[in-house]
Amino acid sequence: MEMTDIHAESLMRFLDRSVVNFYATDTVRKKLDEEGFTRLDPRENWCIEPGGRYYMTKNDSAIFAFVAGDDAPDSGFKIISAHSDSPCFRIKPNCEMITEGSVVKLNTEVYGGPILYTWFDRPLSLAGRVILRSDDPLNPVRRLVKFDRPLLTIPHLAIHFNRAVNDGNPLSKQKDMLPVIALGHTDADDRHIILSLLAEELDVNKDDILDYDLSLYDTTPACRTGLHGEFITSGRLDDLSMVHAAMTALLDSDNMSMTRVMAIFDNEETGSGTKQGAASPVLEHLLRRITTALGGDEEAYFRSISKSFMVSADNAHALHPNYPEKQDPTNHPIPGNGPAIKINANCKYMTDADSAAVFRSICERAGVPFQYFVNHSDVAGGSTLGNILTSQIDLRGVDMGAAIWAMHSVRETASAADHSFIIRAFTEFYNC
């Protein structure tokens, strides 16, 4: 099997297991455990040795792993950052709504910026985190839960009732996007369908469930498409493909001089403004604690940061075959042509000429093609992790990603070759 196929198959297995942010983090955690990484507790003193492999989690939905360099702490950090979350629908409290005809639907709230139409008429299910009662009110029990069977669907209104649907149809997030879960329910107990489901799945008493963080996910597995299997289509490629690439490169690389860091944040899709998001001091605190645990002081930390470099890995928009006019005339990445270096004159990305040159050189050393993404000047672009993190830490770095189609759709499309190219580039970055 060619390396592109190996990487593609590994990515698809990763995507199928990582149905929501909590499970993405859990999938990474399990892989790190298998590879001999030691879990660190932020509440305890850290004992770190050069050459040691460590990780910590935050809120069960963000994870930070590193291999301590032999020349640390003064040698600096090589950091790849990505995020675990994707646009979706979150379940609200008291979510059961019994409608005429005894149809039960669930009250949801949109998370991030999904393409709403793509969620209609699909087999959907639930996954996330459940909080259970314990003897210590400040430390309840946390359990992950995933229903592997389809439980819900969001039925579209038939074209016979809306003849203009194909001419454009504004959607209400509160009215049009509520998923259906059951028929024939009228009793008062049916106001607690979700609690009953969770109690049965986790084998706990319903009264011990204090709260939950539950999201919808599409149960359709990731797959290859195209005449020669050129494409990978799946939910959550943005940004779990970069999470998988960063994890693979961290495990495949072997340069022991500088400290290699993988930082997977949560809540990028809602602005990163949480304790587990890139706008928090979580990464800065991690880097300071690594420096201190390796015998460095404040001065050593600042020297180390000045020698560091970060790759902010979040996907880019590929040139769309049906809408080429939406892209910049001369800088539009094509699927299969390598990672895209993301540039913005108004500093939405952290890339400048210096950092773009660094990443270009890394790609050249890895034998990987590269390309550029720049927004059409009439279309404002979004920001990502890089410039948010540089407001916390004085880092050099570049924003980049795989060129994909249908970003924020329930199913996005990427190039299988690009994923393999990016793993090679990330591995070279860690090794150089």
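Some points to look at:
- Restricting region 1-95 to GluC sites (Glu not before Pro) in coil, as DSSP defines it, with at most 14 other Cβ within 10 Å: 2, 35, 44
- Rg/Rh for the chain, where both radii come from Cα atoms and Rh is the Kirkwood radius: 0.98
- Distance between region 226-251 and region 31-88 - C-alpha centres, whole angstrom: 21
- Convex hull (Cα only) mean projected area of region 8-93, reported in nm² to one decimal: 7.8
- Dipole check for the chain: with +1 at the C-beta of Lys and Arg, -1 at the C-beta of Asp and Glu, and the Cα centre as origin, the magnitude is about 360 Debye.
- Estimated FRET transfer efficiency (residue 255, residue 100; beta-carbon r; R0 45 Å; 0.05): 0.10
- Dipole magnitude for region 169-288: computed about the Cα centre from +1 point charges on Lys and Arg Cβ and -1 point charges on Asp and Glu Cβ, it is near 480 debye.
- Accessible-area ranking of 19, 204, largest first, probe 1.4 Å: 204, 19
- Restraint check, 58/105; 92/206; 78/342, Cα-Cα greater than 23 Å: 58/105
- Contact order relative to length of the chain, as percent, for alpha carbon pairs under 8 angstrom and 6 or more apart: 23
- Here the sum of -39500 (n - 2.57) over DSSP H runs of 4 or more residues, divided by the residues of the chain, equals -8000 deg cm²/dmol at 222 nm, to the nearest 500.
- Taking trypsin sites (Lys or Arg not before Pro) across region 72-152, the ones in a DSSP loop with at most 14 further Cβ atoms lying within 10 angstrom of their Cβ are 133.
- Computed over protein heavy atoms with a 1.4 Å probe, the accessible surface of the chain works out to 44 Å² per residue.
- In the chain, the sites counted are chymotrypsin sites (Phe, Trp or Tyr not before Pro) in DSSP loop states with at most 16 other Cβ atoms within 10 Å, and the longest stretch holding none of them, exclusive of the sites, is 121-432.
- Nearest-ten-degree value, helix 237-252 long axis tilted from longest Cα axis of the chain: 40
- Region 369-432 and region 283-312: distance between their alpha carbon centers, rounded to Å: 24
- Residue (of 107, 132, 153) at the positive-pole extreme of region 73-164, dipole from beta-carbon charges: 153
- Size descriptors for region 1-55: radius of gyration and Dmax over Cα atoms are 14.7, 45 Å.
- Apportionment of accessible area to carbon and sulfur, region 147-244, percent (1.4 Å): 51
- The alpha-carbon atoms of region 312-371 define a convex hull whose volume equals 94 cubic angstrom per residue.
- Cα convex hull of region 312-432, projected area averaged across orientations, nm²: 7.7
- Percent breakdown of C-alpha pair distances by 5 Å bin, ordered from the shortest bin, for region 122-256: 2, 7, 11, 13, 15, 14, 13, 11, 7, 4, 2, 1, 0
- Pairwise label distance in nanometres, residue 270 with residue 392, each label 7 Å out on the Cα-Cβ vector: 1.7
- Within straight-line cross-link reach of residue 275, aspartates and glutamates at Cα separation under 15 Å, skipping those fewer than 8 residues along the same chain: 60, 85, 266, 284
The values are calculated or read from the model by the stated rules, or taken from the named source; none is laboratory data. This structure is a prediction, so every number in the text was calculated from the model and none was measured. In this analysis, Cβ positions are derived from the backbone assuming ideal geometry, glycine residues included, and neighbour counts consider all displayed protein chains. For the accessible areas, the whole protein counts, side chains as well, though only heavy atoms, and no ligand, DNA or RNA atoms are used. Shrake-Rupley method; radii C 1.70, N 1.55, O 1.52, S 1.80 Å.
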